[in-house]
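Inspection log for the structure reproduced underneath, given as structure tokens.
Coordinate-derived values only; no laboratory data. Bear in mind that the values here come from a model prediction, so they are computed numbers and not experimental data. Cβ placement follows ideal geometry from the backbone for every residue including glycine, while neighbour counts extend to all protein chains displayed.
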Amino acid sequence: MRGGATLSLVSVLADTAIRRPEHTALVSGPERISYGALWLAARRCATVLRERGVGPGDRVALLLPNTPAFPTAYFGVLALGATVVPVNALLKAEEIAYILRHSQARLLLCAGSLLGEGDPAARRADVPLMTVDAEAGDTGRPGPDALDALDVLAADAEPLGTPVPRAPDDIALVLYTSGTTGRPKGVLLSHLNLVMNIDTTALSPFAMEADDVLLGCLPLFHTFGQVCGMGTCFRVGATLVLTSRFTPDEALDLMVRERCTVLMGVPTMYLGLLEAAARDPRRPPLARAYSGGSALPVPVLQDIEATFGCPVYEGYGLTEASPCVAYNQPARPRRPGTVGRPVRGVEAEIARSGTEDRIVLLPAGEVGEIVVRGHNVMTGYLDDPEATAAVLVDGWLRTGDLGVKDAEGCLTIVDRKKDMIVRGGYNVYPREVEEVLTRHRSVARVAVVGVPDARYGQEVCAVVVPRPGAAPDAALAEEIVGWSRRHMAAYKYPRRVEFAATLPLGPSGKVLKRELAALLRPGTGGKS
């Protein structure tokens, strides 16, 4: 360890458990779990994992929904000095298996409710699996092939003593995010990246206080819910109210009953809450709300503020930046339509987008690629030096997003340099979807683009050139949508299918996706 320095993400929970052992850390249904009890459960989990051979530097994958099992396993893994690999709970077996193989996971911790995809994924990747919160009938492995139940074994385990110390630049998390050029990439985030992002944003923009109550409706496997939500909440000793699946009416009811003071969400959640509020006159005592994931239309922001009586702060981040880059912040006047200023210790500038091998900064008012440097920038992509070198240039992180800064330093997101689609706050990467669709028997060629959608911001649309003999009609569109649903996570598959004789191509043979997207309008065809 450099200079003997140690720093671990596990301290986010461990330190608070010492300061506020009796305060409620989690609310999950009827359960209320104190910080002391949560840390004890995490250390018991760590003991069981250590007995299974997990140690410093090992990677442990978590396929868990928003239940107390997630933070218990998460901090249990970190207590051993191991690395957490959160897996999107919406993925299918094939997608999960790729992450397990690529990350060289030593173990998969899988919720009983997710064994339908997690068990075959673990088999394909030849990775040992332990269940969490499993019930009879959850697994198809009876008899000698029955799976170890982590939570059952941990109930009687002796808790781990002192957590394993880590150096600041040791890797705490591998978070998978896709690019437009193929398979998902593993983003390597250090303990320093994450502790600094949590400490910084807990103070501002999130202004978290010990008596705050945060609705945990964002998925914990995602960086927004995990770092911004759970991380800042646990850092200050506030209460996190978990909901396993967001539905607007239930979320509003839960916020009222638990007297939530803070809300973090993506635009689709806010749209749903406005609809729920029109049906239910009750209001929670919200002091502030935060939006991220994709652009929140200014009229929607204004409606939320009028309906719930609290300010809404919009910001910008990405997985490679741990994630927070910039936010409208309580200490400064809010600028609706912008994502505010960079958070403390982070620089965000605008660079010439066509200059890939070096960073050429542009003056205020000019549109270019957003570049970032600071304590939040990732170490790199796992086992992908080419992709790492392409985005870490001259000490800056190239985000692939286009933006503009005004004279006062406020950042506005203009467009995406890449073709990534953001559907309801989830990133959808066209190349990944296209690779799956090309396996359909009737698809000769396909281009996937995002089209505007009032609810989700963007909807996934597949423009298909059918194989000879395949009829480009509504029945085939419906078949492709249904087939896609079975092979991709729910947020990825195209709800809209259009047919074309050819795809528009540029001089290099690449599909001109922006030209294609410009020709499409929501509601003019396809099946959903």
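Descriptive notes on the structure:
- Calculated on the alpha-carbon coordinates, the convex hull of the range 284-384 measures out at 138 cubic angstrom per residue.
- Based on alpha-carbon atoms, the Kirkwood radius and the radius of gyration of the range 380-436 give Rg/Rh equal to 1.05.
- Sorted by Cβ density within 10 Å, fewest first, the residues 422, 12, 393: 393, 422, 12
- Mean Cα-pair separation over length for the range 1-84, i.e. relative contact order, pairs under 8 Å, 6 or more apart, %: 29
- When the alpha carbon gyration tensor of the range 145-248 is reduced to an equivalent ellipsoid, its three semi-axes come out at 24, 22, 19 angstrom, largest first.
- Over 17 Å [Cα-Cα, the range 398-472], rounded percent: 57
- Using equal-weight Cα scatterers in the Debye expression, the normalised intensity of the range 1-51 in log10 at q = 0.26, 0.30 Å⁻¹ is -0.98, -1.07.
- In the chain, the DSSP-assigned H stretches of four residues or longer account for a calculated mean residue ellipticity at 222 nm of -8500 deg cm²/dmol, using -39500 (n - 2.57) per stretch and the full residue count as denominator.
- Loop sites in the range 291-360: GluC sites (Glu not before Pro), DSSP, at most 12 other Cβ within 10 Å: 356
- Measure of compaction for the range 311-453 (Cα Rg per 2.2 N^0.38 Å): 1.16
- Just so you know, the Cα atoms of the range 274-333 work out to an Rg and Dmax of 13.2, 40 Å.
- Square roots of five times the Cα gyration tensor eigenvalues for the range 1-143, Å: 26, 20, 12
- By the count of other C-beta atoms within 10 Å, a proxy for reagent exposure, 131, 379, 162 are ordered fewest to most as 162, 379, 131.
- Shown here are the Rg and Dmax of the Cα trace of the chain, at 22.9, 70 Å.
- Here 396, 483, 39 are placed in order of increasing Cβ neighbour count within 10 Å, fewest first, which gives 483, 396, 39.
- Phi angles across the range 326-342 convert, under the Karplus curve 6.51 cos²θ - 1.76 cosθ + 1.60 with θ = phi - 60°, into 3J(HN,Hα) values of 9, 7, 5, 10, x, 6, 10, x, 6, 10, x, x, 10, 9, x, 10, x Hz, Gly and Pro given as x.
- Counting all C-alpha pairs of the range 338-417, share separated by more than 14 Å (%): 59
- Ratio of Rg to Rh over the range 235-312 (Cα coordinates, Kirkwood Rh, two decimals): 0.93
- Note on residue 500 and residue 279: the extension gain reaches 75.3 nm, defined as 0.36 nm multiplied by sequence separation minus the Cα-Cα distance.
- Over 22 Å (Cα to Cα) - which of 418/513; 418/492; 405/513; 185/405; 185/492 fall in this group: 405/513; 185/405
- Here each label is just a point 7 Å from Cα along the line to Cβ, and for residue 471 and residue 515 those points are 3.2 nm apart.
- Computed label-point distance, nm, for sites residue 434 and residue 6 using a 7 Å Cα→Cβ extension: 4.9
- Applying the criteria of a DSSP loop state and at most 13 other Cβ atoms within 10 Å to the trypsin sites (Lys or Arg not before Pro) of the range 288-358 yields 358.
- Distance between modelled label sites at residue 15 and residue 362, nm, 7 Å Cα→Cβ extension: 3.9
- Dimensions of the range 421-519 based on its C-alpha atoms, expressed as ranges along the principal axes with the largest first, amount to 37, 34, 21 Å.
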